[in-house]
Each structure stands twice: as structure tokens, then as C-alpha cells.
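The values are calculated or read from the model by the stated rules, or taken from the named source; none is laboratory data. All values reported here derive from a predicted model rather than from experimental measurement. Heads up, the Cβs are rebuilt from the backbone with ideal geometry, glycines too, and the neighbour counts pull from every protein chain shown. Areas reflect the complete protein model, heavy atoms only, side chains present, ligands, DNA and RNA absent. Shrake-Rupley method; radii C 1.70, N 1.55, O 1.52, S 1.80 Å.
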Amino acid sequence: PCASYDTACSASLVANHGSVRALQRIECASALSAGVNMILDPAAMRGNAVAGFTSVRGRSHTFDVRADGYARAEACVALAAVSEAVMKRGGGDRGGAALSLLGSAVRQDGRSASLTAPNGQAQQGVLGASLADAQVEASEVAVLEAHGTGTALGDPIEAGAVAVVFLARLGGSESSLRIGSLKANAGHTEP
């Protein structure tokens, strides 16, 4: 089967979630998730700038005191995944690239102040659900790729949700978590 997803900023991740679920339920042996963003109409750029969503500097300063909005970007990405049975037949293991497919979680963000202000409780919920689905302890996670709105309002909310979930689960251990967002280098590729 083939399906299209349109969820604004999370379409590719939701498509990947569908691939992970299909593999987990043995509905298929391999899956391909892809996302594309092309900025073809300057009107959308103007609308986002007028609304104050985009950075006046033209760059996302995620988790930075200079955060003043996001920079839009174009991209094309594809992620191929195969079931564990296919990996075993091919001599592979659960390491390497397959590690990112241990689990997945998708939630609705719920009510928030604005498009660029995430709901911290909803983010805590999806982080906890993703750890549970992957059957991974917080102490096993070394790096977290965050959404990172690049705004003075959104980034602290997201970082706070990460802190609540991971600090509570780390239980004062010596483990650490590096958090970042590709948006600081590539811009916000939206879907």
C-alpha cells in the first residue's frame, strides 16, 4: 500500500511512524518513507514573515538566546527500513541505521498559545510513549534531535519537556543527554 500524509511540520515523521508500525505488525517486510518540501510560492514566505514566525536574521537559532523565529528550507529525504526477519536473512543486526527504528510515537499537540508555542505536557507524553514503544530506558539515549522552533517561547517549552521526561527517568544517574536540532544548520524543512 501507499499512503500520503499531510500534518504540516510532522508529515515525514508521521509517515515514518506508519512504516515502523507496519514493520512491527509484520504487514510488510520493507518500507520506504519520504518527504519533500519545495517553496514555490513567495506569498507563504511573506505570510509567515508578517505573522512574526520567521527569523529576521534568516537563520534558525535553535536553543540560542538569539532565537527570533525559524528559517524556512527546502529538502527531500527518504528513509528505507526492513523487518528484523529480512535483516537476519541478510546477516544484519539491530545496530547501526536500524537503531532509529526501535520504536515510534505520534501524538496530537493539544491546545497551545500559538503555532510556534508547543504544548509541554503533550510533548512529555510523546517522549515517554516513544521510550516505552522502543523499550529503551532514558539512560540509554545519548542524543535527542528536537523540533526546535527557534523561538524564545517554543524552545524553552520543548527543552523543559525533555528535561522533565529524561531527568525523571535518569534518576540522578551520571548519564547525560545531548539535545540539538538540525534546523540550526539546515533550516525548517517543514513537512
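Six or more apart or on different chains, Cβ atoms under 8 Å: show the pairs whose first residue is in region 123-134 and within 19 Å of Gly148 (Cβ to Cβ) and whose second is of a type in the set (Asp, Glu).
Gln123/Asp109; Gln123/Glu158
Tell me, yes or no, whether region 41-59 has at least one residue that is open to solvent by 60 Å² or more (accessible area, probe 1.4 Å), in contact (Cβ under 8 Å) with a residue 24 or more places away in the chain and under 20 Å from the mean Cα position of the chain (by Cα).
Yes, the conditions are met somewhere in region 41-59.
Mind checking which residues of region 102-144 are under 13 Å from the mean Cα position of the chain (by Cα) and in a helix (DSSP H, G or I)?
Gln123, Val126, Leu127, Ser130
Please determine whether any residue of region 14-32 is under 16 Å from Ala186 (Cβ atoms), exposed (fewer than 14 other Cβ atoms within 10 Å of the Cβ), at pLDDT below 90 and β-branched (Val, Ile, Thr). Don't jump to the end; show me each part of the working.
Initial filter on region 14-32 (under 16 Å from Ala186 (Cβ atoms)): none.
No, there is no match, as no residue in region 14-32 is under 16 Å from Ala186 (Cβ atoms), exposed (fewer than 14 other Cβ atoms within 10 Å of the Cβ), at pLDDT below 90 and β-branched (Val, Ile, Thr).
Can we say Arg66 is part of a loop (DSSP other than H, G, I, E, B) and under 17 Å from His147 (Cβ atoms)?
Numbers: part of a loop (DSSP other than H, G, I, E, B): yes; under 17 Å from His147 (Cβ atoms): no.
So Arg66 fails the test.
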